[in-house]
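Asker: Questions regarding the structure given below will be posed in turn.
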Amino acid sequence: MGYSTFLSPGKIGTLELKNRAVFPPMGSGFPNLDGTVSKRLIDYHVRRVQGGCGMNIVEIASVHYTSQGPAILGAYDDRFIPGLSELASAIKNAGGVACLQIWHGGRQTSGSPFNGQPWAPSSIPCPLICETPHSMTIDEVKEVIASYGDAALRAKKAGFDAIEIHGAHGYLIDCFLNPYSNTRSDEFGGSLENRARFGCEVIKDVRSKVGKDYPVLMRMSASENVSGGIVLQDAIEAAKLYEAAGIDALDISQGCYGAMPYTVPPYYYPIGVNVYNASQIKKNTSIPMIVAGRITTPDLAEEILSTGKADFISLGRIQLADPDFVKKTAEDRVDDIIKCVSCDQGCVERMFQGFGASCVFNPLTGREGEITVTPAENKEKVLVIGGGPGGLEAARVASERGHDVTLFEKTVKLGGQYLLAGFAPNKGVFSDAAMHMGYRAQKAGVDVKLYTTATPERIKALNPDVVIVATGSDPAMPPIPGIKNANVFEARSVISTESYIEADKVVVIGGGLVGLEASEILTEQGKKVSIVEMLDEIGKDLEMYIKPYSIGFITKHNIPTYIKSKCVEIGDSYVLIDREGEQLKLECGAVIMATGARSNTAVADMVKELGYECHVIGDAVKPSKVLDAIWAGNEIGRTI
Ligand SMILES: Cc1cc2nc3c(=O)[nH]c(=O)nc-3n(C[C@H](O)[C@H](O)[C@H](O)COP(=O)(O)O)c2cc1C
Ligand code: SF4
């Protein structure tokens, strides 16, 4: 497929972009704690420009002191201009286009940084922030409107080519637009026209300060996805009003904090999740449309553009995974583009955990100025044992640096647990990504030996200088009476379809991600499933963006759950559990164990005994998330 539309120039107002790729605004956690620009933020943006991206929209920058927080960019005071100027210059000097997203968080931000209450149209708390907001007076409404214009002018003075007003995701402008969060009875509440007035006044104030030719974009949620929130038809009407107020382009997303996953849609949403909404808004307006949300291949981007559904494509997480997305597309190297599986683990979840956004598959993201991968000083013979994600990453990086790398994989497949994870509902992309890691390792020159168990003889025959052990983990089977019964299966084998469960009634022991995925598969097969969990909550280990789906599935299917409960005995047709001292007998024909994992340490012990230099990584050290395995593989690959 050709990518002529995607790679062709496009215009937003007076601004010309060299192609249709946009790096959308993504709160990174990289700014300094005081809201000024850091070198880390600059390096991260410049890297995406070097990868060929048409326009970088820099993340949320606060317009007013009532919307601030640690490591959130500031644009509410002139003292932020020098740093913003450095960032804009760096993006432009690298050949890019710099746009700044200006933002007020409204009720979706805490009041504690300024020792007050968050400001909002009405005194209705956000379900996530849980702080009762202060209902803004008319004077305060006017003050904040003016602060958007002032911030836009600062961005212009700092050298940004454009600004984007954040009118999406439940933040202040969107909060005004939605009747569930705006119950005002003045000219800013009531009818849709009144609720959109705040956004329109912001646009007009910005326009009056930056001038008629300066490109002004607006991001909006085409659907709020909460009860009482706007739907597409409302968004179309609001978009028309915003256009009339003077914006040059719209950037379409969806969701808010009450429907958080929609804002950064995980793998259980369809690809191109916002494209239909964008196309409908485009039909009803006459300004360029940018669309975001699970557009991760050049083919999909080209299809959206060439069929006129949108004019520009936001490539967010995929450019965290692979900053060279555009370059590789232009150079006909599409197969080399690193996959983004929409897991949210390494990017948005990590950012909210305070580590800064990055990517499971690319630990260099966010550490561009810190890590350089250099050729190996001495070419060594490296043996990697284990072809899961950690082993493949270590092998690829070491091989790219010039080492002579052999990889032993005892099965016939590369990708390890990640390949199997792809058998879980909606997670086929995980298998693709696992296979792609194998492809990249082999392309880098790794000599992959499948169906090859690491024996002392084989290791001695190869006589490596360094051995990297990435043998992963096996399911942990706790010593419960009856655990060896024929009706007991481990959850991974249910997910991978290695085990077929005949029984109609099933008890799943363990309510973490693996247990929940097995439960979902079995429920879809028509079985009556119950879940037993030792902790005080089902899905306690699940990430913020993944949890709503899994918990939603349990709720929707009325799956009985037993928390604070321990399995104490397994019989042929029952499971005995102890729930805080109370014994319960659950009837079932099969028991599925999802009780965690144990490191495979035997190979590491053997290699050490043979006297080779040995590095153990990933689950073989301690069962953990795939990010830890891949990042450990990357680190050892670039340091040996
Ligand atoms: C780490 C992270 C931070 C984000 N922060 C913002 C933000 O500051 N402003 C915004 O409008 N959207 C934000 N988003 C949403 C993205 O701009 C984008 O719409 C979303 O990731 C979907 O696009 P994608 O599938 O291409 O990643 C963020 C997303 C991520 C992953
Ligand atoms: S961490 Fe997951 S969702 Fe985020 S960019 Fe990487 S692959 Fe995509």
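The values are calculated or read from the model by the stated rules, or taken from the named source; none is laboratory data. Treat the numbers as computed from the prediction; the structure is a model and nothing was measured. Reconstructed Cβ throughout: ideal geometry from the backbone, glycine too, with neighbour counts over all protein chains shown. Side chains included, ligands, DNA and RNA excluded: accessible areas come from the protein's heavy atoms. Shrake-Rupley method; radii C 1.70, N 1.55, O 1.52, S 1.80 Å.
Asker: Run the reach check for Lys282 against lysines, Cα to Cα strictly under 20 Å, same-chain hits fewer than 8 apart removed. What comes back?
Answerer: Straight-distance partners of Lys282: Lys11, Lys240, Lys309.
Asker: Taking +1 at the Cβ of each Lys and Arg and -1 at the Cβ of each Asp and Glu, which of Thr561, Asn426, Thr452 sits farthest along the dipole of the chain towards its positive end, judged by Cα position relative to the Cα centre?
Answerer: The residue sitting farthest along the positive end of the dipole is Thr452.
Asker: Further question on the same structure: Determine the sum of side-chain charges near Pro375: Lys and Arg each +1, Asp and Glu each -1, restricted to other residues whose C-beta is under 12 angstrom from that of Pro375.
Answerer: Net local charge, Pro375 excluded: +1.
Asker: A further question on this structure: Which links in Lys443/Lys540; Lys410/Lys443; Lys528/Lys566; Lys156/Lys339; Lys339/Lys460; Lys92/Lys328 stretch past 28 Å when you go from one Cα to the other?
Answerer: Exceeds cut-off: Lys443/Lys540; Lys156/Lys339; Lys339/Lys460.
Asker: For the range 488-595, state the average projected area of the convex hull of the C-alpha atoms over all orientations, rounded to one decimal in nm².
Answerer: 6.1
Asker: Taking amide H atoms as placed 1.01 Å from N in the peptide plane, list the residues 5 or more away in sequence, or in a different chain, whose amide H sits under 5 Å from that of Thr561.
Answerer: Ile531
Asker: To continue, here is another question. Where the centre of each part is set by its Cα atoms, how far does the range 575-591 sit from the range 150-200, in angstrom?
Answerer: Cα centroid to Cα centroid, the span is 54 Å.
Asker: Another question, if that's okay. Got a number for the accessible area of Lys327? Probe 1.4 Å, square angstrom, nearest 10.
Answerer: Taking all protein chains as shown, Lys327 has close to 80 Å².
Asker: Okay, next question. Under the rule of at least 5 residues apart or a separate chain, name every residue whose amide H is placed under 5 Å from the amide H of Ile60.
Answerer: Correct list: Met26, Gly27.
Asker: In whole Å, what are the Cα extents of the range 136-221 along the three principal axes, biggest one first?
Answerer: Taking max minus min along each principal axis of the Cα atoms, the range 136-221 gives 39, 27, 18 Å.
Asker: Could you work out how far apart the two model spin labels at Arg333 and Glu140 are, taking each label as a point 7 Å from the Cα in the direction of the beta carbon, and quote it in nm?
Answerer: 5.3
Asker: What does the charge add up to near Pro127, with Lys and Arg as +1, Asp and Glu as -1, over the other residues with Cβ less than 13 Å from its Cβ? Don't skip to the answer; put the middle values down first.
Answerer: Values: positive: Arg107; negative: Glu131, Glu224.
Counting the neighbours of Pro127, the net charge comes to -1.
Asker: When the distances between all Cα atoms of the range 10-352 are binned every 20 Å from zero, what whole-number percent does each bin get?
Answerer: 34, 61, 5
Asker: Here's a follow-up. Per residue of the range 248-253, what does 6.51 cos²θ - 1.76 cosθ + 1.60 with θ = phi - 60° give for ³J(HN,Hα)? Whole Hz please, x for Gly and Pro, Karplus curve as stated.
Answerer: Calculated HN-Hα couplings, in order: 9, 7, 10, 10, 9, 9 Hz.
Asker: Continuing with the same structure: For the range 61-166, which semi-axes, largest first and in whole Å, follow from the square roots of 5 times the eigenvalues of its Cα gyration tensor?
Answerer: Semi-axis lengths for the range 61-166 are 28, 14, 11 Å.
Asker: Kindly sort Glu224, Glu140, Glu16 by accessible area of their heavy atoms, largest first, with the probe set to 1.4 Å. Mind dumping the intermediate values first?
Answerer: Numbers: Glu224 0, Glu140 40, Glu16 110 Å².
My answer, sorted largest first, is Glu16, Glu140, Glu224.
Asker: Could you check the spin-label model distance between Lys540 and Lys505? Points 7 Å from the Cα along Cα→Cβ, value in nm.
Answerer: Reported label-point gap for Lys540 and Lys505 is 2.8 nm.
Asker: Please work out how much accessible surface Leu584 shows to a 1.4 Å probe, ignoring ligands, DNA and RNA, in Å² rounded to 10.
Answerer: Looks like 40 Å² after rounding.
Asker: Could you tell me the distance between the Cα centroids of the range 597-615 and the range 528-560, to the nearest Å?
Answerer: Rounded to whole Å, the Cα centres lie 36 Å apart.
Asker: When the helix-only estimate is applied to the chain (DSSP H runs of n ≥ 4, each -39,500 (n - 2.57), divided by the residue count), what is the mean residue ellipticity at 222 nm, nearest 500 deg cm²/dmol?
Answerer: -9500 deg cm²/dmol
Asker: Please list, ordered by chain and number, the residues whose modelled amide H lies under 5 Å from the amide H of Glu490; skip anything fewer than 5 residues away on the same chain.
Answerer: Amide H neighbours of Glu490, under 5 Å, 5+ apart: Met593.
Asker: Please give the Cα centre distance for the range 454-490 versus the range 313-376, rounded to the nearest Å.
Answerer: Here the answer is 31 Å between Cα centres.
Asker: Separation between the Leu584 and Tyr439 pseudo-spin-labels, each 7 Å from Cα along Cα→Cβ, expressed in nm?
Answerer: Placing both labels 7 Å along Cα→Cβ, they lie 4.7 nm apart.
Asker: Scaled to the compact-protein estimate 2.2 N^0.38 Å, what is the alpha-carbon radius of gyration of the range 98-160, rounded to two decimal places? Provide the component values of the computation, followed by the final result.
Answerer: Numbers: Rg = 13.5 Å, N = 63, 2.2 N^0.38 = 10.6 Å.
Normalised Rg, Cα atoms only: 1.27.
Asker: Moving on to the next point. Using 0.36 nm per residue, how much length does the chain from Thr411 to Ser4 gain when fully extended, once their Cα-Cα distance is taken away?
Answerer: Taking Thr411 through Ser4 to full extension adds about 142.3 nm, to one decimal.
Asker: Quick one: length gained pulling Ser286 to Asn426 fully straight, 0.36 nm per residue minus the C-alpha distance?
Answerer: Extending this stretch completely gives an extra 46.8 nm.
Asker: Return the inverse of the average 1/r over all pairs of distinct C-alpha atoms in the range 267-404, which is the Kirkwood hydrodynamic radius, in Å to one decimal.
Answerer: Details: mean 1/r = 0.0579 Å⁻¹.
Value: 17.3 Å, from the Cα pair sum.
Asker: Per the Kirkwood treatment, what hydrodynamic radius in Å, one decimal, follows for the chain from the mean inverse distance over all distinct Cα pairs?
Answerer: After inverting the mean inverse Cα-Cα distance, the result is 26.3 Å.
Asker: Can you tell me the length gained on complete extension of the stretch Gln525 to Phe352, counting 0.36 nm per residue apart and subtracting the Cα distance?
Answerer: Working it through step by step, the gained length comes to 58.7 nm.
Asker: Scan the chain and hand back the longest stretch that contains none of the chymotrypsin sites (Phe, Trp or Tyr not before Pro) lying in DSSP loops with at most 12 other Cβ atoms within 10 Å.
Answerer: 1-354
Asker: May I ask you to evaluate 6.51 cos²θ - 1.76 cosθ + 1.60, the Karplus curve with θ = phi - 60°, for each residue of the range 158-175 and list the ³J(HN,Hα) values in order in whole Hz, giving x for glycine and proline?
Answerer: 6, x, 5, 7, 6, 10, 10, 7, 7, x, 10, 6, x, 6, 3, 5, 5, 5
Asker: Now a separate question. Whole-Hz Karplus ³J(HN,Hα) for the range 434-442, in order, using 6.51 cos²θ - 1.76 cosθ + 1.60 and θ = phi - 60°, x for Gly and Pro?
Answerer: My calculation for the range 434-442 gives 5, 5, 5, 5, x, 4, 5, 5, 5 Hz in order.
Asker: Counting just the Cα atoms, what span does the range 1-84 cover along each of its three principal axes? Round to the nearest Å and put the largest first.
Answerer: Dimensions of the range 1-84 along the principal axes of its Cα atoms: 47, 26, 20 Å.
Asker: Run the 1.4 Å probe and let me know the accessible area of Cys588, rounded to the nearest 10 Å².
Answerer: Cys588 has an accessible surface of roughly 10 Å² with all protein chains in place.
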